[in-house]
Amino acid sequence: SGDDEPRSVPYKVILLGDGAVGKTSIAMRFSQDHFAQSYKQTIGVDFFHKHIELPNGQRVALQIWDIGGQSIGGKMIGNYIYGAHAVLLCYDITNYQSFQDVEDWLRLVRRTFANETMPLVALVGNKVDLAHMRTVRSTKHNQFCDENDATPFFLCAKNGENVNTCFFKLAAMLAGVA
Ligand code: GDP
């Protein structure tokens, strides 16, 4: 039946969060399996396409948007958020401020979707390779997820830990099979 046709329109997945938490690194790690110590800010205005195959054989197309150096008050932010199917709220586990600011990013998403169905929301604690410098306890992380109906993830763009797992899980949730 037509219901078995793979969805050809990509899901829009956006990375939000303070500067330097690792959004571009996460996007590059997932889309190209690459990590660099620094990326040109201009990369941030791009988006990447990635096609993945779920364990059940279903193919899912993702369009991954990275807001790059845009700050929360940036003029283009609304355009990035608009139409998103999934939002990755990213912070750096060694930077408590970046975790606190996730609240503001989520508020902005809620405002953008005021009259529409909210996208899937994930909370992403990045830089777990720096766990010895962690300032955000995982209980805080999980509490935020419980309170805001967000899916919890910890990952490391630097060594790739959990990055694919995160996007595959989200893709499965978007496809309605998780
Ligand atoms: P963005 O501004 O949120 O896009 O952050 P970037 O991707 O540009 O990363 C900011 C800095 O954090 C860069 O120096 C990255 O190399 C570094 N970085 C990103 N992810 C990780 C990580 O998982 N571990 C460590 N140790 N550094 C990371």
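The values are calculated or read from the model by the stated rules, or taken from the named source; none is laboratory data. Note that the structure is predicted; figures quoted are calculated from it, not measured. Note that each Cβ is placed from the backbone with ideal geometry, even for glycine, and that neighbours are counted across all protein chains shown.
Only one of the listed residues (LYS169, LYS127) is of a type outside the set (S, T, N, Q) and crowded, with 19+ Cβ neighbours inside 10 Å. That residue is LYS127.
Scoring HIS34 on the criteria (1) under 15 Å from the mean Cα position of the chain (by Cα); (2) closer than 27 Å to HIS141 by Cα leaves a single failure, condition (1). Considering each residue of segment 60-80 in turn, at least one proves to be of a type outside the set (A, V, I, L, M, F, W, C), outside any strand (DSSP E or B), touching a strand residue (DSSP E or B) at 6+ places or on another chain (Cβ under 9 Å) and modelled with pLDDT of 85 or more. Based on this model, can you work out whether GLN32 counts as more than 7 Å from the ligand (Cβ to nearest atom), exposed (fewer than 12 other Cβ atoms within 10 Å of the Cβ), modelled with pLDDT of 75 or more and under 22 Å from ASN159 (Cβ atoms)? Taking the combined requirement at face value, the residue satisfies it.
Yes or no, residue by residue, for (1) closer than 19 Å to ILE26 by Cα; (2) within 16 Å of the ligand (Cβ to nearest atom):
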{"site": "LYS75", "(1), (2)": "no, no"}
{"site": "PHE113", "(1), (2)": "no, no"}
{"site": "MET118", "(1), (2)": "no, no"}
{"site": "VAL121", "(1), (2)": "yes, no"}
{"site": "ASP129", "(1), (2)": "yes, yes"}
{"site": "ASP146", "(1), (2)": "no, no"}
{"site": "ASN159", "(1), (2)": "yes, yes"}
{"site": "ASN164", "(1), (2)": "yes, yes"}
